[in-house]
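The values are calculated or read from the model by the stated rules, or taken from the named source; none is laboratory data. The model shown is predicted, which means the values in this text are computed figures rather than measured ones. Here Cβ is always computed from backbone atoms with ideal geometry, including for glycine, and neighbour counts include all displayed protein chains. Just so you know, the surface numbers come from the protein's heavy atoms only, side chains and all, with ligands and any DNA or RNA stripped out. Shrake-Rupley method; radii C 1.70, N 1.55, O 1.52, S 1.80 Å.
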Amino acid sequence: MGVIRKLMAWLSVPIICLFALVFYVARPFNPDNNRFLGCSVARFGRAVLGMDRPLEGWDNLPQDRPTVVIANHQHNDDLFVMGDLLPPRTVTVGKSALVWVPFFGQVFWLGGNVILNRGRSHKAVAVMQATSSAIARDRKSLWIFPEGTRSKGRGLQKFKKGAFHAAVASGAPITMVCVQEYADEAKGWSGRRESVAIRVLPPVETEGLTVEDIPELMSRCHRDMAETIATL
C-alpha cells in the first residue's frame, strides 16, 4: 500500500505542474507562483501519503521582508514535507538537470528560480552573489538546501557557502527550517507515512557582516540546526 501511495503522490506532481503552467505563462517569472505551486503539491502529496506534519515556529518565517531560508535536505519527499512553507516572493535553488523534467522543469524555470550547474562549481558562489542583488532590489526571498545533496536521514551534512554569501551580500536574515530525521518508507498495513515534525528558528540577522564573518556564521547555523534536529 505504501508503494501505491508514493506512486500516486509523485504522479500528481507533473499533473499539478501542467495546470500550474497556466499561471506561470500568464505571469512568467513572478516568484509568488512558486508559493502557489508549493502549497498545492505539498498539501495534496501529504494527504495521499497519509503524512502528518507538526509545525512549530511558523511566526519566525519573515512575511514582510526578504530572507534566505536554509533547510536540511533528506529525501525527494521533502517537496511534500516543506513545499508549503515558502515565504512570499520566494525563489529556490536547483540543479540544471531539473529544467528537463517534464512540466516541473518548465514551471521551475518560469518561476525565476536559481539554476546551478554542478559541473561549474567554481562559479556557484558568483551566481549566489549575483542573486543577492535580486534579493535586495526585487525584495525576493531565497530558499536553499545548504548541504547541496540529500542526507537520506543520516544527519546534517557539511554546508556549502553559497547561501551565506547571498545572505551577507544582500544583508537579508537567515531563517533556519529544521526537519526531523525521517525514513523514506511506509509504516503498517495502511502504508501511511510517519509524522515528520518541523521547527522554524528565529531569523539570524546578517546586516553589517562581511565575507570574513561567513565561516563563523556557517558554523553557528550548522550547530543550531543540528541541535534542534536532535530534539525533534
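Looking at the stretch 21-50, which of its residues are more than 19 Å from the chain's Cα centre (by Cα) and closer than 29 Å to residue 182 by Cα?
Scanning the stretch 21-50 gives 47, 48, 49, 50.
Name the residues in the stretch 102-112 that are of a type in the set (A, V, I, L, M, F, W, C) and touching a residue at least 40 places away in the same chain (Cβ under 8 Å), would you? Don't jump to the end; show me each part of the working.
Pass one, the stretch 102-112, residues of a type in the set (A, V, I, L, M, F, W, C): 103-104, 107-110.
If the condition is that a residue be of a type in the set (A, V, I, L, M, F, W, C) and touching a residue at least 40 places away in the same chain (Cβ under 8 Å), then 103, 104, 107, 110 are the ones that fit.
For the stretch 139-158, which residues satisfy the criterion of being crowded, with 24+ Cβ neighbours inside 10 Å and aliphatic (A, V, I, L, M)?
Matches in the stretch 139-158: 142, 144.
Name the residue, out of 35, 53, that is in contact with a strand residue (DSSP E or B) (Cβ under 7 Å, 6 or more places away or on another chain), among the basic types (Lys, Arg) and in contact (Cβ under 8 Å) with a residue 60 or more places away in the chain.
Exactly one of 35, 53 is in contact with a strand residue (DSSP E or B) (Cβ under 7 Å, 6 or more places away or on another chain), among the basic types (Lys, Arg) and in contact (Cβ under 8 Å) with a residue 60 or more places away in the chain, namely 53.
Only one of these is open to solvent by 30 Å² or more (accessible area, probe 1.4 Å), under 16 Å from the mean Cα position of the chain (by Cα) and not β-branched (Val, Ile, Thr): 5, 53. Name it. Talk me through it step by step, then tell me what you get.
Values: 5 fails: under 16 Å from the mean Cα position of the chain (by Cα).
Result: 53 is the single residue among 5, 53 that is open to solvent by 30 Å² or more (accessible area, probe 1.4 Å), under 16 Å from the mean Cα position of the chain (by Cα) and not β-branched (Val, Ile, Thr).
What is the number of the single condition among (1) in contact (Cβ under 8 Å) with a residue 60 or more places away in the chain; (2) in a helix (DSSP H, G or I); (3) more than 16 Å from the chain's Cα centre (by Cα); (4) crowded, with 20+ Cβ neighbours inside 10 Å that residue 136 does not meet?
Condition not satisfied by residue 136: (4).
I'd like to check which strands (runs of 3 or more DSSP E) are fully inside the stretch 42-120 and have at least 2 residues that are modelled with pLDDT under 95. Even if it seems obvious, please write down each step before you answer.
On the way: elements: 68-71, 90-95, 114-116.
Hits in the stretch 42-120: 90-95, 114-116.
Check whether at least one residue in the stretch 193-201 is at pLDDT below 95, surrounded by fewer than 21 Cβ atoms within 10 Å (Cβ to Cβ) and among the basic types (Lys, Arg), and report yes or no.
No; the residues of the stretch 193-201 include none that is at pLDDT below 95, surrounded by fewer than 21 Cβ atoms within 10 Å (Cβ to Cβ) and among the basic types (Lys, Arg).
Have a look at 128, 218 and point out the one that is modelled with pLDDT of 85 or more and surrounded by 12 or more Cβ atoms within 10 Å (Cβ to Cβ). If you could, list the steps in order and put the result at the bottom.
On the way: 128 fails: modelled with pLDDT of 85 or more.
Exactly one residue qualifies, and that residue is 218.
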